[in-house]
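Here's the structure we're looking at; comments come further down.
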Amino acid sequence: MSKFPLLASLLAFATSAAQADVTAAELDAAAATLEPRVVEWRRDFHLHPELANREVRTSGKVAEHLRSLGLEVRTGMAHTGVVAVIEGGRPGPAILLRADMDALPVAEKTDVPFRSTATGEFRGRTVGVMHACGHDAHTAILMGVAEVLVKLRHRLPGKIVLVFQPAEEGVPEGERGGAPLMLEEGLLDIAKPEAAFSLHVGSALNTGTVAIRPGPLMAGSDFFRIVVTGRQSHGSRPWQGVDAIVTATQIVNALQTIVSRQVDITELPAVVSVGAINGGVRHNIIAETVEMLGTIRTFSPEMRQDIIDRMNRIVTNVAAANGATAQLEMMPAPNPVLVNDPALTARVTESLRAVLGADAVKTSGLLTVAEDFAHIARAVPSAYYWVGVTPPAQDARTAPDNHSDLFYVDEAGIFVGMRTLLGVAVDYLQAAPTAR
Ligand SMILES: [Zn+2]
Ligand SMILES: [Zn+2]
């Protein structure tokens with residue numbers, strides 16, 4: 001028996017209050033309080049977009065904010081990446097939350113008051129720069145999530161690794177960066193996360209809705225180059241040469257039979273596209289060489305390899321049939337398929353439903369765009385979801401797409417992003433959906 005029963009019970013009460021689970025109502029209130037500042041941050045980033053591997057101002061603002069929260073901040077990962085760890089008040093698992101920070105070489109055409117007029121250098125040219133993929137919203141959302149979690153940290157178990165990643169959209173020629181480089185620089189050694197989460201704002205969904213699916217979500221993407229070599233001759237005497245242009249057109253057409261005739265499209269879809277074809281000098285010279293550039297999108301490593309093998313067969317043999325030679329070259333550093341861990345996705349879906357209601361959580365289709373978070377998802381069980389940012393009154397099927405110069409983010413969707421990510425993180429750490 002304690003000599004001081006009142007003191008003992010007060011202490012017990014204080015301890016249990018400090019360790020009481022964070023509730024949904026608390027997250028609602030914290031997110032609502034912070035919303036105006038998160039929107040302000042997002043507008044600031046929108047006004048000052050920076051291209052991949054050049055996110056100097058953006059990452060500076062992020063680091064400044066994280067330091068103001070009392071966090072120890074690691075900067076300069078993969079050039080401009082910023083990482084900080086929030087230590088919970090109790091033992092528990094580490095999780096990773098990731099936002100991307102880079103903008104695109106797009107000249108903005110929206111009429112928002114904070115429309116970007118920024119320019120940057122892209123492939124040696126001066127171009128307009130715009131947050132046409134919504135990474136400004138992602139960065140602001142994670143800054144807001146960080147602030148809320150720091151305030152609740154004493155009551156949370158485990159650790160949260162905050163990752164602000166550069167260069168999701170791909171690096172300038174000759175450079176490296178993005179998620180693969182952060183991983184190489186030891187991102188996962190910082191706190192050994194057992195689960196990773198990320199989100200993307202998208203025009204294809206209305207504000208208030210989100211979309212997720214277990215298993216493959218976004219395609220693996222490969223870039224390829226084909227060089228066809230024939231023999232130059234006078235355009236009036238093609239029989240004296242080997243026409244690289246005619247050979248190339250046959251290769252392009254034959255490549256189209258891979259998806260339409262050779263792979264089992266009932267299993268998973270795939271895309272093979274030739275996007276550039278260059279060859280020849282003038283009207284009366286039979287071209288000696290043609291270069292073609294293209295992309296493959298696949299949803300499984302097996303189908304990817306099968307398609308590459310079939311492409312090799314077509315390229316080599318169609319060229320041979322024409323008396324030419326041709327070579328298929330796969331570009332280095334392909335993006336893997338983004339795979340959502342099924343068990344983790346089930347938990348995240350539950351959290352999303354708890355925040356937004358079951359009807360607001362859609363099942364995403366397979367998306368043929370790629371996302372470099374796939375590299376992280378290959379190393380750590382992950383769940384990635386889409387957050388709608390097309391105003392409810394507008395048809396999301398016809399709204400200007402991500403990467404369009406008219407891409408528009410309904411700022412109410414930023415709150416949805418922040419609140420859902422908070423729910424996903426806190427539910428995971430507390431090992432149960434937050435109580436209402
Ligand atoms: Zn993008
Ligand atoms: Zn994006």
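The values are calculated or read from the model by the stated rules, or taken from the named source; none is laboratory data. Everything numeric here is computed off the predicted structure, so don't read it as measured data. Don't worry about glycine lacking a Cβ; one is built from the backbone with ideal geometry, like all the others, and counts go over all protein chains shown. The protein model used for the area step is the full one, side chains on, heavy atoms only, and it has no ligands, DNA or RNA in it. Shrake-Rupley method; radii C 1.70, N 1.55, O 1.52, S 1.80 Å.
Out of ALA63, ALA118, one residue alone is of a type in the set (A, V, I, L, M), more than 24 Å from SER382 (Cβ to Cβ) and open to solvent by less than 10 Å² (accessible area, probe 1.4 Å). It is ALA63.
Only one entry in GLU291, GLU350 is open to solvent by 60 Å² or more (accessible area, probe 1.4 Å), farther than 14 Å from ALA219 by Cα and in contact (Cβ under 8 Å) with a residue 40 or more places away in the chain, namely GLU350.
Would you call GLY144 more than 16 Å from ligand 2 (Cβ to nearest atom), closer than 25 Å to ALA431 by Cα and open to solvent by less than 10 Å² (accessible area, probe 1.4 Å)?
Values: more than 16 Å from ligand 2 (Cβ to nearest atom): yes; closer than 25 Å to ALA431 by Cα: yes; open to solvent by less than 10 Å² (accessible area, probe 1.4 Å): yes.
Here the answer is yes, as GLY144 does meet what is asked.
Checking PRO193, PRO166, PRO172, PRO216 one by one, the residue that is in contact with a strand residue (DSSP E or B) (Cβ under 8 Å, 6 or more places away or on another chain), at pLDDT 95 or above, surrounded by fewer than 20 Cβ atoms within 10 Å (Cβ to Cβ) and not aliphatic (A, V, I, L, M) is PRO216 and no other. Out of the residues in the range 79-124 meeting the condition of being touching a Lys or Arg at 6+ places or on another chain (Cβ under 8 Å) and of a type in the set (A, V, I, L, M), tell me which one is farthest from GLY158 (Cα to Cα). It comes out as VAL82. Inspect the range 376-387 for any residue being free of Cβ contacts under 8 Å to residues at least 60 places away in the same chain and either under 29 Å from PRO193 (Cα atoms) or assigned to a helix (DSSP H, G or I) (or both) and give the result as yes or no. So far as the range 376-387 goes, yes, one or more of its residues are free of Cβ contacts under 8 Å to residues at least 60 places away in the same chain and either under 29 Å from PRO193 (Cα atoms) or assigned to a helix (DSSP H, G or I) (or both). Here GLU72, GLU87 are screened, and the one residue that is over 17 Å from PHE407 (Cα atoms), open to solvent by 10 Å² or more (accessible area, probe 1.4 Å) and either in contact (Cβ under 8 Å) with a residue 60 or more places away in the chain or in contact with a strand residue (DSSP E or B) (Cβ under 6 Å, 6 or more places away or on another chain) (or both) is GLU87.
Scanning the range 191-210 for residues that are under 22 Å from SER382 (Cα atoms) and away from ligand 1 (no atom under 16 Å from the Cβ) yields ALA191, LYS192, PRO193, GLU194, ALA195, ALA196, PHE197, THR209, VAL210. Among the residues in the range 225-247, are any away from ligand 2 (no atom under 16 Å from the Cβ), within 28 Å of the chain's Cα centre (by Cα), outside any loop (DSSP other than H, G, I, E, B) and at positive phi? No, the range 225-247 has no match at all. Just one of VAL355, VAL389 is within 16 Å of ligand 1 (Cβ to nearest atom) and over 15 Å from the mean Cα position of the chain (by Cα); which is it? Sole residue among the options that is within 16 Å of ligand 1 (Cβ to nearest atom) and over 15 Å from the mean Cα position of the chain (by Cα): VAL389. Based on what the data block shows, is VAL274 crowded, with 18+ Cβ neighbours inside 10 Å and part of a strand (DSSP E or B)? Spelling it out, it is not the case that VAL274 is crowded, with 18+ Cβ neighbours inside 10 Å and part of a strand (DSSP E or B).
Applying the criterion of being at positive phi and touching a residue at least 24 places away in the same chain (Cβ under 8 Å) to the residues of the range 119-153, the residue that is farthest from ligand 1 (Cβ to nearest atom) is ARG123.
In the set ALA146, ALA179, ALA167, ALA140, only one residue is in contact with a His (Cβ under 6 Å, 6 or more places away or on another chain) and among the small types (Gly, Ala, Ser); that residue is ALA179. Taken together, the criteria exclude HIS65 from residues that are in contact with a Pro (Cβ under 7 Å, 6 or more places away or on another chain) and either away from ligand 1 (no atom under 16 Å from the Cβ) or in a helix (DSSP H, G or I) (or both).
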